[in-house]
Amino acid sequence: MIKKTVRCPSCDNVLTFFGEPGQVIKVTCPKCSAEGKITFEKTYTPENTAIQVSDLRKVYGDLVAVDDISFSVKKGEVFAFLGPNGAGKTTTVEIIESIRTPTAGTVKIFDRDISTSFNEVKERIGILPQEFHSFERLTVRETLDYFSKFYKKRADIDEIIKTMDLTSHKDMLYKTLSGGLKQRVGVAMALVNDPEIIFLDEPTTGLDPKARREVWEVVAGLRNKGKTVFLTTHYMEEAEYLADHIAIIHKGKIIAEGSLDELVNKYGQGSILHIKNCSTKDALGMIRERGFDAHTEGNGDIAVKIDYKERVLEVLSILRHDCIEYDSIDIRRSNLEEVFLSLTGSKLGEEGGEA
Amino acid sequence: MRPKIILVDFVASIKSWYRSRGTLFWSLLFPIMLILIFGAIFSGVGDTKYTLPIQDLDNSSWSHTFIDTLSNISAFKIENLSVNENVSAYIKDKNLAGALVIPKGFGDTIAKSFIDKNVSVNVSFYYDPSSSSASVIQSVISSVLQEYNVKLSGGNSIIGITQMSTIGKNFNYIDFFVPGMIGFTLMQTCIYGSIERNTKYRKDGILRKLLTMPITRTEWILAKMLFMLFLSFVSTVAITIVGILVWGMTVNVNLIMIVIIIANSFLFSGLGMIIGRFVKEEETADMAGGAISFPMMFLAGTFFPLEQMPAFLQSFAKILPLYYVNEGLRNAMIYLDFDKAMFNMIIVIVFAVVFFVIGVLLTKWKED
């Protein structure tokens with residue numbers, strides 16, 4: 001049980017609630033009847049933690065690639081490591097996979113320090129390295145079979161082929177596959193030992209939107225099976241679509257971390273309700289009177305900031321009650337793009353560069 | 001170390017190999033083509049000048065005339081050999097293709113032949129069977145002798161020629177060439193195989209993937225070496241069979257030959273690892289491999305005997321590992337000179353240990 005103290009956004013009343021880690025409860029302010037949502041943060045214990053990274057640092061000459069970062073990945077969640085190219089994503093994930101040696105800091109997987117016990121962990125993880133290409137002249141089936149033979153614990157290869165939707169390609173040589181199929185085989189290869197954690201390093205980079213979406217479905221399927229997924233990406237959409245928890249890495253540092261909702265509420269503008277083509281004079285004043293943060297936008301539109309979704313109804317009732325005239329309304333939630341922009345002052349481009 | 005894992009990788013390597021037309025071509029068809037082409041070319045004639053020492057045991061006016069006739073042939077540079085010289089040893093020391101000995105009684109026999117058409121005398125042609133020039137020299141001498149016989153007797157064989165191989169058996173160029181071809185092919189296979197594993201596999205993430213899997217470096221290296229040995233023996237057998245069937249070679253298979261082939265695989269796999277360590281791009285590493293293996297191929301006596309090269313290149317050849325592989329294989333398979341074969345084998349083993357150990361030590365799986 002966790003105790004959480006919050007301040008009512010409408011009347012500033014201080015309230016205390018109790019809940020379980022990860023629980024989300026609906027609350028009503030006893031003083032002003034404002035409604036809202038409280039999330040109790042997950043706490044990390046050795047039992048529910050898959051990966052724990054503490055004060056990790058990696059220096060190449062003068063370049064600090066990873067700058068003292070710490071974070072935890074909970075079992076069963078899709079953890080997205082989001083950031084532009086060169087931010088330190090791959091360096092970090094490759095340190096966690098024991099491919100690189102850190103300058104300082106520790107990494108624990110299942111509470112085991114990988115600098116000494118990585119061999120014990122190998123059977124329980126599966127990896128898709130960045131820009132991976134498998135052996136060109138083995139078929140899909142042979143490839144999966146080959147990689148599975150190294151492990152004590154083996155998943156049913158035919159089952160993997162089925163879930164990855166590779167049945168019609170299983171006898172094709174790897175080199176004849178399209179980019180999207182190669183990535184799917186890559187993910188399938190990471191599953192041959194039925195691992196508990198799956199590391200996917202930029203699994204959709206270079207894929208067309210359709211192939212990208214296919215990989216997403218695969219990753220979403222892994223989460224549904226209770227696997228922990230560590231995903232690195234520079235695609236905002238990918239993190240929004242897949243991740244339970246997002247860490248934004250920029251110039252070697254984690255600059256923000258949390259669920260999509262948390263990030264958007266904390267660093268974005270939250271949700272904005274647009275009233276299009278509002279022709280009633282002083283409509284803005286009427287809305288502001290009720291305690292809303294609102295402003296006009298050049299073309300006669302009014303933008304109203306919505307702190308939590310229940311307040312949408314309040315705005316609608318103002319519109320109706322005060323007979324305000326307008327063409328239409330829409331609600332737009334701010335996204336990771338805005339979060340990234342407000343955090344770094346730059347945009348993250350399609351190719352992973354900053355603009 | 002788990003033999004099962006080594007076997008799994010070995011089987012996968014073989015599958016990939018026979019599905020790749022490129023590697024099949026380079027490891028099997030290309031060397032066979034070269035044997036056929038070079039065999040055909042060198043059974044013909046060259047046009048260089050050959051040094052021909054002549055030992056005149058007769059020292060008569062007839063023998064002097066004969067030597068003068070040979071001197072007039074532009075292809076020959078005649079040297080006079082003193083009567084005390086051991087001809088075989090001289091050829092070996094000076095790295096010559098052959099030498100001629102005019103026996104005592106040469107002049108007398110010719111003088112007699114004007115009366116008795118049935119007398120005959122043979123000059124002896126000592127030659128190095130490994131030299132592609134020997135047969136050329138001999139054919140020129142034979143045609144001179146034929147001309148003599150026609151002039152002296154209208155066609156009776158008064159002067160004949162006895163072949164005296166310095167090794168004692170009749171060998172020709174293809175006998176020299178085939179072991180060199182084996183050494184060269186195995187070198188190429190192992191260097192490029194090793195380079196592929198250390199550059200392409202690194203770029204493709206396969207080495208990174210292996211690092212995170214329950215396979216040790218020793219298991220991986222052993223699996224790959226097993227495959228390299230397999231390729232080496234397949235190439236050796238294919239080349240040898242063509243040599244026997246097409247060129248009628250006699251080949252001896254023995255332990256020394258097998259040990260040299262095994263050591264050779266380790267030697268050049270090690271060299272490939274060393275190249276792959278310093279040249280990280282696959283294409284550039286392939287070029288570096290070519291830059292090392294091609295000159296080595298020409299300088300180490302693969303296609304033609306060292307004695308046809310200038311002296312400084314001959315001494316340079318002695319530091320090239322492929323030279324000892326070639327010489328060892330020749331002596332073990334063809335000349336059956338087991339002392340020499342053993343000597344070369346030991347040198348190849350030493351090279352193999354040094355290159356392979358350095359290669360393994362230099363090769364890192366981990367990224368920086």
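How many angstrom lie between the C-alpha centres of the stretch B:335-368 and the stretch A:303-355?
Cα centres, the stretch B:335-368 to the stretch A:303-355: 70 Å.
With viscosity set to 1.306 mPa s and temperature to 10 °C, compute the Stokes-Einstein D of the stretch A:1-141, Rh being the Kirkwood radius across alpha carbon pairs; µm²/s, no decimals. Could the numbers behind the result be given before it?
On the way: Rh = 18.6 Å.
D, rounded to a whole number, is 85 µm²/s.
For the stretch A:2-61, I need the span (max minus min coordinate) of the C-alpha atoms along each principal axis, in Å, sorted largest to smallest.
57, 31, 14 Å, listed from the longest principal axis down.
Run through the stretch B:305-364 and list the trypsin sites (Lys or Arg not before Pro) located in a DSSP loop whose Cβ has at most 14 other Cβ atoms within 10 Å. Please list the in-between numbers first.
Numbers: sites: B:Lys318, B:Arg330, B:Lys340, B:Lys364; in loops: B:Lys318, B:Lys364.
For trypsin sites (Lys or Arg not before Pro) across the stretch B:305-364 that sit outside H, G, I, E and B with at most 14 neighbouring Cβ atoms in 10 Å, the list reads B:Lys318, B:Lys364.
Given Cβ point charges of +1 (Lys, Arg) and -1 (Asp, Glu) and nothing else, what value in debye, to the nearest 20, does the dipole of chain A about its Cα centre take? List each step's numbers first, then the result.
On the way: 48 positive and 56 negative charges, 147 e Å.
Computed about the Cα centre, the dipole is about 700 debye.
What accessible area per residue, rounded to a whole number of Å², is obtained for chain A using a probe radius of 1.4 Å? Display every interim value, and only then the final one.
Values: 16540 Å² over 355 residues.
Per-residue value: 47 Å².
Could you give the distance between the Cα centres of the stretch B:302-333 and the stretch B:240-286, to the whole Å?
Taking the Cα centre of the stretch B:240-286 as reference, the centre of the stretch B:302-333 is 15 Å away.
A:Arg333: accessible area at probe 1.4 Å, nearest 10 Å²?
110
Restricting to bridges with both residues inside chain A, how much of the DSSP beta-bridge set is antiparallel, in percent to the nearest 5? Before the final figure, lay out each step's value.
Working: 48 of 66 bridges.
Approximately 75 percent, going by the DSSP bridge assignments.
For a distance above 20 Å, tell me the whole-number percent of Cα pairs in the stretch B:66-147 that qualify. Walk me through the numbers on the way to the answer.
Working: 1274 of 3321 pairs.
Here the tail beyond 20 Å accounts for 38 percent of pairs.
Which of rounded, prolate or oblate describes the stretch B:231-316 when judged by the alpha-carbon gyration tensor and an a/c cut-off of 1.5?
On the way: a/c = 2.10, a/b = 1.33, b/c = 1.57.
Here the stretch B:231-316 falls in the oblate category.
What is the percent carbon and sulfur in the accessible area of the stretch A:1-130, measuring with a 1.4 Å probe over the protein chains and ignoring ligands?
Numbers: 2880 of 6080 Å².
About 47 percent, which is the carbon plus sulfur part of the accessible surface.
How big is the equivalent ellipsoid of the stretch A:88-183 along its three axes, where each semi-axis is √(5λ) from the Cα gyration tensor, reported in whole Å from largest to smallest?
On the way: eigenvalues 177, 54, 22 Å².
After diagonalising the Cα gyration tensor, the semi-axes are 30, 16, 10 Å.
What shape does chain B take by its C-alpha gyration tensor, where a ≥ b ≥ c are the square roots of the eigenvalues and a/c under 1.5 counts as rounded, a/b above b/c as prolate, and the rest as oblate?
Numbers: a/c = 3.22, a/b = 2.90, b/c = 1.11.
Cα axes put chain B in the prolate bin.
Select from A:His321, A:Gly268, A:Asn299 the residue farthest towards the positive end of the dipole of the stretch A:225-355; place +1 on Cβ of Lys and Arg, -1 on Cβ of Asp and Glu, and compute about the Cα centre.
After comparing all options, I get A:Gly268.
Which GluC sites (Glu not before Pro) does the stretch A:302-336 hold that lie in a coil by DSSP with at most 16 other beta carbons within 10 Å?
Hits after loop and neighbour filter: A:Glu310, A:Glu325.
Which value, in debye to the nearest 20, gives the size of the charge dipole of the protein assembly as shown about its Cα centre, when Lys and Arg are +1 and Asp and Glu are -1 at the Cβ? Walk me through the numbers before you get to the answer.
Values: 77 positive and 82 negative charges, 267 e Å.
For the protein assembly as shown, the charge dipole is close to 1280 debye.
What translational diffusion coefficient, to the nearest whole µm²/s, does the stretch A:156-311 have by Stokes-Einstein, given a Kirkwood radius computed over alpha-carbon pairs, a temperature of 10 °C and 1.306 mPa s viscosity? Intermediate results must be reported in sequence, preceding the final value.
Values: Rh = 19.1 Å.
Rounded to a whole number, D works out at 83 µm²/s.
With a 1.4 Å probe and all protein chains kept in place, how much accessible area does B:Asp368 have, in Å² rounded to the nearest 10?
Roll a 1.4 Å probe over it and B:Asp368 shows about 100 Å².
Taking the Cα centre of the protein assembly as shown as the origin and placing charges on Cβ (Lys, Arg +1; Asp, Glu -1), which of B:Trp365, B:Ser315, B:Met228 is farthest toward the positive end of the dipole?
Of the candidates, B:Met228 comes out farthest on the positive side.
With charges only on Cβ, +1 for K and R and -1 for D and E, what is the dipole size of chain B about its Cα centre, in debye, rounded to 20? Mind showing how you got there, number by number?
On the way: 29 positive and 26 negative charges, 340 e Å.
Rounded to the nearest 20 debye, it is 1640 debye.
Work the Kirkwood hydrodynamic radius out for the stretch A:187-240: mean of 1/r over every pair of different alpha-carbon atoms, inverted, in Å. List each step's numbers first, then the result.
On the way: mean 1/r = 0.0869 Å⁻¹.
Result for the stretch A:187-240 stands at 11.5 Å.
Could you tell me the extents of the stretch A:235-292's C-alpha atoms along the three principal axes, largest first, rounded to whole Å?
Extents along the principal axes, in whole Å: 50, 20, 20.
Just the number, please: percent antiparallel of the DSSP beta bridges in chain B, rounded to the nearest 5.
20
Rounded, prolate or oblate: which fits the protein assembly as shown when a ≥ b ≥ c are the square roots of the eigenvalues of the alpha-carbon gyration tensor, with rounded for a/c under 1.5 and prolate only if a/b beats b/c?
Values: a/c = 4.23, a/b = 3.60, b/c = 1.18.
Prolate is the answer for the protein assembly as shown, as a/c is 1.5 or above and a/b outweighs b/c.
Charges on Cβ only, +1 for Lys and Arg, -1 for Asp and Glu, centred on the Cα centroid of the stretch B:1-104; of B:Ile41, B:Gly98, B:Phe66, which one is farthest towards the dipole's positive end?
The one lying farthest along the dipole's positive direction is B:Ile41.
Taking chymotrypsin sites (Phe, Trp or Tyr not before Pro) as exposed when DSSP calls them loop (any state but H, G, I, E, B) and at most 16 other Cβ atoms lie within 10 Å, what is the longest stretch of chain B free of them, the sites themselves excluded? Before the final figure, lay out the partial values.
On the way: sites that count: B:Phe114, B:Trp365.
Result, exposed sites excluded: B:115-364.
Using every alpha carbon pair in the stretch A:64-106, what percent of pairs falls into each 5 Å bin from 0 up to the bin containing the largest distance?
P(r) over the stretch A:64-106, rounded to whole percents: 5, 19, 31, 27, 15, 3, 0.
Accessible area lost on pairing B with A, both sides, 1.4 Å probe, Å² to nearest 100? Before the final figure, lay out each step's value.
Values: alone 17630 and 17880 Å², together 32750 Å².
By this definition, chains B and A bury close to 2800 Å².
Under 17 Å between alpha carbons, and skipping anything fewer than 8 positions from B:Lys318 in its own chain: which aspartates and glutamates qualify?
Within the straight-line cut-off, B:Lys318 pairs with B:Asp93, B:Glu307, B:Glu327.
Go through the stretch A:205-244 and name the trypsin sites (Lys or Arg not before Pro) that are in a DSSP coil and have 16 or fewer other Cβ atoms within 10 Å of their Cβ. Please report the intermediate quantities before stating the final value.
Working: sites: A:Lys210, A:Arg212, A:Arg213, A:Arg223, A:Lys225, A:Lys227; in loops: A:Lys225, A:Lys227.
Here the sparse-neighbourhood loop sites are A:Lys225.
Distance from the Cα centre of the stretch A:132-159 to that of the stretch A:9-25, in angstrom?
With the stretch A:132-159 and the stretch A:9-25 each reduced to a Cα centre, they are spaced 49 Å.
Of all DSSP beta bridges in the stretch B:84-194, what percent run antiparallel (nearest 5)?
Details: 4 of 11 bridges.
Percent antiparallel among DSSP bridges in the stretch B:84-194 is about 35.
Compute all pairwise cysteine Cβ distances in chain A, then list the cysteines with no distance under 4.7 Å to another cysteine.
A:Cys278, A:Cys323
Tell me which lysines have Cα within less than 17 Å of A:Lys210's Cα, excluding those fewer than 8 residues away on the same chain?
Leaving aside lysines fewer than 8 places away in the same chain, those within reach of A:Lys210 are A:Lys182.
Quick one: if you take sqrt(5λ) for each eigenvalue of the C-alpha gyration tensor of the stretch B:272-338, what semi-axes come out, biggest first, whole angstrom?
Values: eigenvalues 148, 43, 17 Å².
That gives 27, 15, 9 Å for the three semi-axes.
Can you pull a Stokes-Einstein diffusion coefficient for chain A at 20 °C (1.002 mPa s), Rh from Kirkwood over Cα pairs, as a whole number of µm²/s? List each step's numbers first, then the result.
Working: Rh = 22.9 Å.
Answer from the Stokes-Einstein relation: 94 µm²/s.
Return the sequence-ordered ³J(HN,Hα) values of the stretch B:82-94 in whole Hz as given by the Karplus equation 6.51 cos²θ - 1.76 cosθ + 1.60 applied to θ = phi - 60°, using x for Gly and Pro.
5, 5, 8, 5, 7, 5, 4, 5, 4, 4, 5, 4, 8
In Å and on Cα atoms, what radius of gyration and Dmax does the stretch B:212-368 show?
17.1, 55
What is the count of Lys pairs in the stretch B:91-135 whose alpha carbons sit under 28 Å apart, if the two are 8 or more places apart or on different chains? Mind showing how you got there, number by number?
Working: B:Lys92/B:Lys104; B:Lys94/B:Lys104; B:Lys104/B:Lys112; B:Lys104/B:Lys117.
Eligible lysine pairs with Cα atoms under 28 Å apart amount to 4.
So which lysines can A:Lys152 reach, going by Cα to Cα under 20 Å and dropping same-chain residues fewer than 8 places off?
Candidates past the 8-residue exclusion: A:Lys122, A:Lys227, B:Lys4, B:Lys209.
The values are calculated or read from the model by the stated rules, or taken from the named source; none is laboratory data. Quick caveat: nothing in here was measured; it's all calculated off a predicted structure. Cβ coordinates were reconstructed from backbone atoms using ideal geometry, including for glycine residues, and neighbour counts include every protein chain displayed. Remember, those area values only see protein heavy atoms, side chains included, never the ligands or the DNA or RNA. Shrake-Rupley method; radii C 1.70, N 1.55, O 1.52, S 1.80 Å.
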